[in-house]
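K.L.:
Have a look at the structure that comes next, please.
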Amino acid sequence: MPYPTPSPPAPKNGFAACRRCFATVIWATIERQKSQMVDRDCDKRGNQAVRQDHTDRWLVRQLSEQRPIPVGAETLHLQYIAICSAPPLLGQATRWRMSVGRDCVCVRAVRWQR
């Protein structure tokens, strides 16, 4: 074959519902083949450049100093996690400590310390 076969779309790719607020979002693939939720509607304030390739896979990249504007068929969108109106799920909470001074540091004593 003169051209490499296109890779199949990522499992999370395309239109779907947000798990927190059930709004319609776009699951797009970033450079490292991971999925990211972006808002379905275009927004000039956005910092995510979204496009659809020839295999109907949605691709997203963040605007940077090297590429500060959308190129070609890219449109600007917002990350949906930043504008979601629902609170985060319990399993996605950040780690916390009971108090500042109560860090658990365990050291196994050697023979002469017992």
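The values are calculated or read from the model by the stated rules, or taken from the named source; none is laboratory data. Computed from a predicted structure; not experimentally measured. No Cβ is skipped: glycine too gets one built from the backbone with ideal geometry, and neighbour counts run over all protein chains shown. Only protein heavy atoms, including side chains, enter the accessible area calculation; ligands, DNA and RNA are left aside. Shrake-Rupley method; radii C 1.70, N 1.55, O 1.52, S 1.80 Å.
K.L.:
Which members of the range 54-64 meet the condition of being within 12 Å of GLY14 (Cα to Cα) and among the charged types (D, E, K, R)?
P.N.:
ASP56, ARG57
K.L.:
Using beta carbons and a limit of 7 Å, which pairs, at least six apart or on different chains, have the first residue in the range 45-58 and under 9 Å from ALA73 (Cα atoms) and in contact (Cβ under 8 Å) with a residue 24 or more places away in the chain and the second one open to solvent by 40 Å² or more (accessible area, probe 1.4 Å) and of a type in the set (Phe, Trp, Tyr)?
P.N.:
VAL50/TRP58
K.L.:
Quick check on the range 13-60: of everything there that is in a loop (DSSP other than H, G, I, E, B) and small (Gly, Ala, Ser), which residue is most open to solvent (accessible area, probe 1.4 Å)?
P.N.:
Out of the qualifying residues, it is ALA23.
K.L.:
Another question about this same structure. Search the range 71-84 for residues that are open to solvent by less than 60 Å² (accessible area, probe 1.4 Å) and pair each with any residue that is at pLDDT 90 or above and β-branched (Val, Ile, Thr) when their beta-carbon atoms are under 7 Å apart and the residues are at least 6 apart or on different chains.
P.N.:
GLU74/VAL50; THR75/VAL50; HIS77/VAL38; HIS77/VAL50; LEU78/VAL38; TYR80/VAL25; TYR80/VAL38
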